[in-house]
Amino acid sequence: MSSSDAAKDEFYEDLHAVLVTVPQEDMLIVLGDFNARVGTDHAAWQGMLGPHSLGSCNDNSLLLLRTSAEHRFLLTNTFSRLPTREKARWMHPRSRRWHPLDYFLVQRRDRQDVLVTKVIRDADGWTDHRLVISQMRLRLQPRRRPQGERSPGKLNTLLLNLPVHCFDFSNQITEKLEDLHAPNDNATVVARWCQLRNVIYSTTLEVLERACRQHQDWFDDNDADISHFLGEKNGLHKAYMDLLSDATKAAFFGCRCFVQQRLREMQDAGMIRKVQKIQGYADRNEIKIFFKAIKAIYGPCIKGTAPLISSDGTTLLTEKSQILKHWAKHFRSVLNCSSAISDAAIDLLPQVDTNNDLDLPRFLPETICVVQQISSIKAPGSDAIPPEVYKHGGYRLIAEL
């Protein structure tokens, strides 16, 4: 109350400068001791001031209400119907009357999230100041899946385990590569690879097609029994709707309870079998099959990008490019540090002859051996071509590589 008008104006200007930096989609909460008594004229300040305020106005109330109107705030203290002892937090030393000076501000769109804002007294009870609390229902937004380019989908490489499909696929790849036009001599390695990649992927998709998604659940093994139970229950329900009597009602409700019990038993038995099977994979150290079985139950994991704070602590980085640049800058400062190197220590290192054979191009048998050593059932890279394609593509495909 003893501050000058210039100091008050400066405070609200600084508050405005901070509020405008908050993104509009974020939930904004402002709380503090504004030393303002806003009065009870809620009709003049409709939407910001509630009908359950106390006392009269002072000079600071107009500044607070103007700021609230500009940023679409509402004073949650004035919207809760409470006794006076739970609305006032400061007692005037002369009049001995209690006034609300601390306010809890939220935007109007978030009003439904505020359950109650009230004053609580401490255990001593002798102080002329009380604590203001607010109970809210905070609802976290689900993690947003990145909306990048859609993945091309998995290819049905399991067909390559059948000799007929494997032979047909090898012949198709060989024919397409024979008809492949030779690129320009001035073409870059990237251009040559893109041309080869497109031919390989299109041929693989034409021969093998895409893999079908297989959703495994507890009711897959009991479809016939479940259909029988549901058909019987639906028949009794129809009979009960056609003839409302005690007999049809008892028959329907009895059948419904029985069906629910049997479905729970099937679900428990199916989950127990699945858990025992997965535990067996873990005990036998079959890690690949273990994670495949877990993924069949829970589905693929959703990978999100966690935001970062900039080095100066003022900006929240949410774009993937900005986050990567920030991490690159961090690791450059951590890893690429200058160090003192002694030339004498380098001279003490044993010198070996240069192996010029490493510069020679690889022989085709060596390349075939390396390709056959690649692990199968691995996730493909950005080209969406799984390793099984190269392993079963034949001699012509390896020669192109």
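Assorted remarks:
- Put simply, of Ile297, Ile374, Ile323 the only residue that is β-branched (Val, Ile, Thr) and in contact (Cβ under 8 Å) with a residue 40 or more places away in the chain is Ile297.
- Applying the criterion of being surrounded by 12 or more Cβ atoms within 10 Å (Cβ to Cβ) and among the small types (Gly, Ala, Ser) to the residues of the range 351-398, the residue that is nearest to Arg197 (Cα to Cα) is Ala384.
- Leading residue by the ranking (nearest to Met136 (Cα to Cα)) among those in the range 49-62 that are buried (at least 18 other Cβ atoms within 10 Å of the Cβ) and touching a residue at least 40 places away in the same chain (Cβ under 8 Å): Ser53
- Scanning the range 230-240 for any residue that is within 39 Å of the chain's Cα centre (by Cα) and within 30 Å of Arg273 (Cα to Cα) turns up at least one such residue.
- Pairs where the first residue, in the range 63-87, is over 13 Å from Val132 (Cα atoms) and the second is surrounded by fewer than 20 Cβ atoms within 10 Å (Cβ to Cβ) and polar (S, T, N, Q), C-beta under 7 Å, 6+ apart: Arg72/Gln107; Phe73/Gln107
- Residues that are surrounded by fewer than 17 Cβ atoms within 10 Å (Cβ to Cβ) and not in a loop (DSSP other than H, G, I, E, B), drawn from the range 63-78: Arg66, Ala69, Glu70
- Test: residue in the range 21-31 that is surrounded by 10 or more Cβ atoms within 10 Å (Cβ to Cβ), at pLDDT 85 or above and in contact with a His (Cβ under 9 Å, 6 or more places away or on another chain): yes
- Residue check for Lys325: at pLDDT 85 or above and either over 30 Å from Ala191 (Cα atoms) or more than 32 Å from the chain's Cα centre (by Cα) (or both): no
- Output for the range 79-114, where each listed residue is part of a helix (DSSP H, G or I), in contact with a Phe, Trp or Tyr (Cβ under 9 Å, 6 or more places away or on another chain) and not polar (S, T, N, Q): Arg85, Arg108, Arg111
- The set of residues from the range 229-248 being in contact with a helix residue (DSSP H, G or I) (Cβ under 6 Å, 6 or more places away or on another chain) and basic (Lys, Arg) comprises just one member, Lys233.
The values are calculated or read from the model by the stated rules, or taken from the named source; none is laboratory data. Given the structure is predicted, the values throughout are model-derived calculations rather than measurements. As a convention, Cβ positions derive from the backbone with ideal geometry for all residues, glycine included, and neighbour counts pool all protein chains shown.
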